[in-house]
Amino acid sequence: VGGIFLNSYYFGGQYFVHDYSTEEEESKESAISVEDTLQKQHVLLQAALGKLKAPVAGKREIYGIAFAGASYQDVFMKEVRFAAETFAREMGMEGRQLLLINNQATLQDTPLATSVNLREALLALGKLLQPEDMLVLYLTSHGGKTSGVEADMGYRFDLRSIKPELLAEMLTASGIKQRIIIVSACYSGTMIEPLKNADTLIITASAKDRTSFGCSDTADLTYFADAYLKQALPKTKNFITAFDEAKKLVAARETAEKVHQLSDPQISIGENIGKILK
């Protein structure tokens, strides 16, 4: 009885009735922020697409989309930026790459990594590219055995994950024939079966039943990206042979750190694209 009396005395009846008006105002502000962010995605995406260089007639060009899915760890944002810099320098892709990033630091100038933006970007590139041109699609985020590549922008953003079947449907709709798909995520080996064909090279940071490593707040790159982008690709300047080198580097690092189970990166080389890349 004394406790109830004291609560009533000090809190003026709020022991039983709480004033939610302040929280409702905060909720509305958050909702407006989400709405504004999503509404300007079309403008940001079209601006980014408008900066891409046009293909050169008679010359095979490589275009890129880099997708950083999870916003709550900066490593994914850092990784796609590093991937774009590496591809530009080593593979001649300067001015032919589009970044999609989920991170609070890039909300004002970079399109979000959403399924909608990815679909629109693929459709736009499908119209831009010549039949002989190639697409490099680099996805990095957290991943799940059934959920695919995570897309997350924090509280109140309800974003769809990029499941293997969804990505396969997007790529088919784009009409882009020759594809290089690199997925840096846990369980990313699940992407291989739904995406593989004679014109597609698929590289994943892990097997379908394994986790990958390096997703920390302090890291600049995941283990696979460090091995593939930073060490192997500048050395070999070849998407396929760089994988062979990177797989050895990842295994050596994970073994030295005594991880519970090696990530076991995977590769699927389509017959047609394999001949071109080699």
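Once you list every other residue whose beta carbon is under 13 Å from the beta carbon of TYR223, what net charge do they have if Lys and Arg are +1 and Asp and Glu are -1? Within the 13 Å Cβ shell, the charges total -1.
When only Cα pairs below 8 angstrom with a gap of at least 6 residues are kept, region 75-233 shows a relative contact order of 24 percent.
In order along region 268-278, phi translates into HN-Hα couplings of 10, 10, x, 4, 6, 6, x, 5, 5, 5, 6 Hz, rounded to whole numbers, per the Karplus curve 6.51 cos²θ - 1.76 cosθ + 1.60 with θ = phi - 60° and x for Gly and Pro.
When the Cα gyration tensor is reduced to axis lengths a ≥ b ≥ c, the ratio a/c is 1.5 or higher for region 158-278, and with a/b not above b/c it is classed as oblate. Under a 5 Å amide H cut-off, with hydrogens placed 1.01 Å from N, TYR63 pairs with MET134, LEU135, VAL136 among residues at least 5 apart or on other chains.
Here the Karplus curve 6.51 cos²θ - 1.76 cosθ + 1.60, taken at θ = phi - 60°, turns the phi angles of region 171-188 into couplings of 5, 4, 5, 5, x, 6, 7, 9, 10, 10, 10, 10, 10, 9, 6, 5, 6, 5 Hz, with x standing for Gly and Pro. Report the longest stretch of the chain that contains none of the GluC sites (Glu not before Pro) sitting in a DSSP loop with at most 15 other Cβ atoms within 10 Å. Maximal segment without exposed cleavage sites: 133-256. Derived scalar couplings between HN and Hα for region 81-94 equal 5, 5, 4, 5, 5, 5, 5, 5, 6, 8, 10, x, 9, 4 Hz in order, rounded to whole Hz, by the Karplus curve 6.51 cos²θ - 1.76 cosθ + 1.60 (θ = phi - 60°), x for Gly and Pro. Calculate how many DSSP beta bridges within the chain are antiparallel, expressed in % of all such bridges and rounded to the nearest 5. Just about 20 percent of them are antiparallel. What's the longest piece of the chain with no exposed chymotrypsin sites (Phe, Trp or Tyr not before Pro), counting a site as exposed if DSSP puts it in a loop and it has at most 16 other beta carbons within 10 Å? Result, exposed sites excluded: 158-278.
In this simple spin-label model, placing a label point 7 Å from the Cα along the Cα-to-Cβ direction at both LYS196 and GLU169 gives a separation of 2.3 nm. Full extension of the chain between LYS248 and GLU94 gives 52.6 nm of extra length, using 0.36 nm per residue less the Cα-Cα distance. Kirkwood analysis of the Cα pair distances in region 77-191 returns a hydrodynamic radius of 14.8 Å. Under the criterion of Cα pairs below 8 Å and six or more residues apart, the relative contact order for the chain equals 17 percent.
ARG156 contributes about 100 Å² of solvent-accessible surface, heavy atoms of the protein only, 1.4 Å probe.
Once a ≥ b ≥ c are taken as the square roots of the eigenvalues of the Cα gyration tensor of the chain, is the result rounded (a/c under 1.5), prolate (a/b larger than b/c) or oblate (a/b not larger than b/c)? Note, shape of the chain comes out prolate.
The values are calculated or read from the model by the stated rules, or taken from the named source; none is laboratory data. Owing to the predicted nature of the structure, the values given are computational and were not obtained by experimental measurement. Because the Cβ atoms are built from the backbone with ideal geometry, glycine has one as well, and the counts that use them run over all protein chains shown. Surface areas here come from the heavy atoms of the whole protein model, side chains and all, with no ligands, DNA or RNA. Shrake-Rupley method; radii C 1.70, N 1.55, O 1.52, S 1.80 Å.
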